[in-house]
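Just below is one structure, and these are the notes that go with it.
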Amino acid sequence: MYSECEQMLGEASATNNVCTGGYLLSCFYSPSGTVFILKKTSVFVFDLFKAFQTYVVSRFLLGRNLRKICGGKWAVITGASDGIGKAFANELAKYKYNIVLLSRTLSKLENVAHEIESTYGVQTKVICVDFSDDAIYEDIKTQLNGLDIGVLVNNVGTHYGIPGFFVDLPEKKLRDLVSINVSSLTMMTHLVLPGMVERKRGAIINLSSSAAQFPSPLVTVYSATKAYVDHFSQGLCIEYAKDNIVVQCLKPYYVSTAMTFNVSPNIFVPSADSYAKSALATLPYSRRTCGYWAHGFQAWLFSFCPEWLWLRAAYYWHIFLINWLKRNHVE
Ligand SMILES: NC(=O)c1ccc[n+]([C@@H]2O[C@H](COP(=O)([O-])OP(=O)(O)OC[C@H]3O[C@@H](n4cnc5c(N)ncnc54)[C@H](OP(=O)(O)O)[C@@H]3O)[C@@H](O)[C@H]2O)c1
């Protein structure tokens, strides 16, 4: 019985192989098949063109464009004392923006401010605030009053640290995830955008994450907050296009920073400096991008992955990560 089945399956697959070739050919010659193949090909060619423009052409043209697109004299960056925020502060100072640095550790902020002033000869202003506290925005408003702000980088963010199950998260961590990842960019944008609208120029760069591409079990709340960043950015982008305001959403994969336990940089994990340089160059070309070519390639590959497969793969990847981090005593 077993061998009969095997034989039948073998014959079926042999017939299938012949049929598959024939079927593909007939697809190509039928009108709907031709439309399907042309559609897929044109999407692929467009994606390739867009990637070339976003990640290659942008590198050569940004110098000419950035000040023209954003205007203003000041750039405001949240979470600017370390990682990607610090790298953005340095990158924007290269374009002669004065820099407002917001973060929670005064000594780190002062060091970065001093470094930027002495390297690029621009002014800096330090605002020491903890974004887990929702009562800080009146103070920030007062301190930003009167500044001609061309760029706002909503970068501050917090992660789980070690992935984990929802009910095991302390209440404070849940509140922090929402305040730091969601309230901060909403409130900072609400403070800065009116001035940009008045001047009819400006750019807002929001740090989302690849974790927003699909839901991510075991970092569920982080991934949900980053999906908010994505939707918020896309909505505002259209609302304020009429006022020449550019709103961009960045969705990086791994970048080597404290958040990723300072994993060694490699082709898929850029340093914060390489990431910020590449991401800033994409500003004129894309409203929603990974910001770095190898991350764009990863996102393109994952776009073929069905959501059910992603959800399970992310779950088991995070289980593996929890065990690995525990084995290596990473807190
Ligand atoms: N690194 C990645 O692989 C990656 C991937 C995708 C998305 N992202 C997103 O990129 C953004 C930056 O990440 P990062 O890796 O550069 O992070 P990071 O290296 O951990 O730096 C975070 C920055 O935010 C500040 N900060 C943290 N909590 C704060 C709070 N409660 N109040 C005020 N400031 C606070 C930190 O200040 P202190 O120095 O004082 O702590 C630091 O300057 C985040 O939104 C993150 O979600 C990162």
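The values are calculated or read from the model by the stated rules, or taken from the named source; none is laboratory data. Remember, predicted model here, so these are calculated numbers, not experimental data. Methodologically, a virtual Cβ is constructed for each residue, glycine included, from the backbone with ideal geometry; neighbour enumeration extends over all protein chains shown.
Any residue that is under 14 Å from the mean Cα position of the chain (by Cα), within 15 Å of the ligand (Cβ to nearest atom) and surrounded by fewer than 19 Cβ atoms within 10 Å (Cβ to Cβ) - is there at least one of those in region 228-237?
yes
Quick check: is even one residue across region 171-193 of a type outside the set (Val, Ile, Thr), surrounded by 17 or more Cβ atoms within 10 Å (Cβ to Cβ) and more than 14 Å from the ligand (Cβ to nearest atom)?
Yes, region 171-193 contains a residue that is of a type outside the set (Val, Ile, Thr), surrounded by 17 or more Cβ atoms within 10 Å (Cβ to Cβ) and more than 14 Å from the ligand (Cβ to nearest atom).
Test Tyr160 against the criterion of being within 13 Å of the ligand (Cβ to nearest atom), touching a helix residue (DSSP H, G or I) at 6+ places or on another chain (Cβ under 8 Å) and modelled with pLDDT under 95, and give yes or no.
So Tyr160 passes the test.
Going residue by residue through region 239-256, is there one that turns out to be outside any helix (DSSP H, G or I), within 16 Å of the chain's Cα centre (by Cα) and of a type in the set (D, E, K, R)?
Looking for residues that are outside any helix (DSSP H, G or I), within 16 Å of the chain's Cα centre (by Cα) and of a type in the set (D, E, K, R), one finds at least one in region 239-256, hence yes.
Quick one: Gln298 ticks every box in (1) buried (at least 20 other Cβ atoms within 10 Å of the Cβ); (2) not in a loop (DSSP other than H, G, I, E, B) bar one, so which box is it?
Of the numbered conditions (1) buried (at least 20 other Cβ atoms within 10 Å of the Cβ); (2) not in a loop (DSSP other than H, G, I, E, B), the odd one out for Gln298 is (1).
Asn266 versus (1) at negative phi; (2) in contact with a strand residue (DSSP E or B) (Cβ under 9 Å, 6 or more places away or on another chain); (3) touching a residue at least 24 places away in the same chain (Cβ under 8 Å); (4) of a type outside the set (Lys, Arg): which is the lone unmet condition?
(3)
Looking at Ala113, Ala93, which one is modelled with pLDDT of 95 or more, part of a helix (DSSP H, G or I), farther than 17 Å from Gln248 by Cα and in contact with a Phe, Trp or Tyr (Cβ under 6 Å, 6 or more places away or on another chain)?
None of the other options fit; the residue is Ala93.
When the residues of region 261-286 are filtered to those that are part of a loop (DSSP other than H, G, I, E, B) and hydroxyl-bearing (Ser, Thr, Tyr), which remaining residue is surrounded by the most Cβ atoms within 10 Å (Cβ to Cβ)?
My answer is Thr282.
Run Ala224 past the list (1) touching a residue at least 24 places away in the same chain (Cβ under 8 Å); (2) out of contact with any His (no Cβ under 7 Å at 6 or more places or on another chain); (3) of a type in the set (A, V, I, L, M) and report the number of the one that doesn't hold.
(1)
Against the definition (assigned to a helix (DSSP H, G or I), over 15 Å from the mean Cα position of the chain (by Cα) and surrounded by 14 or more Cβ atoms within 10 Å (Cβ to Cβ)), how does Leu321 come out, yes or no? Walk me through how you get there before you give the answer.
Numbers: assigned to a helix (DSSP H, G or I): yes; over 15 Å from the mean Cα position of the chain (by Cα): yes; surrounded by 14 or more Cβ atoms within 10 Å (Cβ to Cβ): yes.
So Leu321 fits the description; yes.
Would you pick out the residues in region 194-227 that are farther than 27 Å from Pro284 by Cβ, within 14 Å of the ligand (Cβ to nearest atom), in contact with a Gly (Cβ under 9 Å, 6 or more places away or on another chain) and of a type in the set (A, V, I, L, M, F, W, C)?
Val219
Restricting attention to region 238-268, which residues are near the ligand (Cβ under 10 Å from one of its atoms) and of a type in the set (S, T, N, Q)? Even if it seems obvious, please write down each step before you answer.
Within region 238-268, the first condition is being near the ligand (Cβ under 10 Å from one of its atoms), and the residues that meet it are 250-263.
Listed by number, the residues that qualify are Ser256, Thr257, Thr260, Asn262.
Pick out the one residue from Ala203, Ala258 that is surrounded by fewer than 19 Cβ atoms within 10 Å (Cβ to Cβ), touching a residue at least 60 places away in the same chain (Cβ under 8 Å), aliphatic (A, V, I, L, M) and in contact with a helix residue (DSSP H, G or I) (Cβ under 7 Å, 6 or more places away or on another chain).
Of Ala203, Ala258, the one residue that is surrounded by fewer than 19 Cβ atoms within 10 Å (Cβ to Cβ), touching a residue at least 60 places away in the same chain (Cβ under 8 Å), aliphatic (A, V, I, L, M) and in contact with a helix residue (DSSP H, G or I) (Cβ under 7 Å, 6 or more places away or on another chain) is Ala258.
Spot the failing condition for Leu174; the list is (1) farther than 25 Å from Gly161 by Cβ; (2) modelled with pLDDT of 95 or more, and only one is missed.
(1)
Applying the selection to region 102-126, what residues are within 16 Å of the ligand (Cβ to nearest atom), surrounded by fewer than 18 Cβ atoms within 10 Å (Cβ to Cβ) and either small (Gly, Ala, Ser) or within 27 Å of the chain's Cα centre (by Cα) (or both)?
Arg104, Thr105, Leu106, Ser107, Lys108, Glu110, Asn111, Glu115, Lys125
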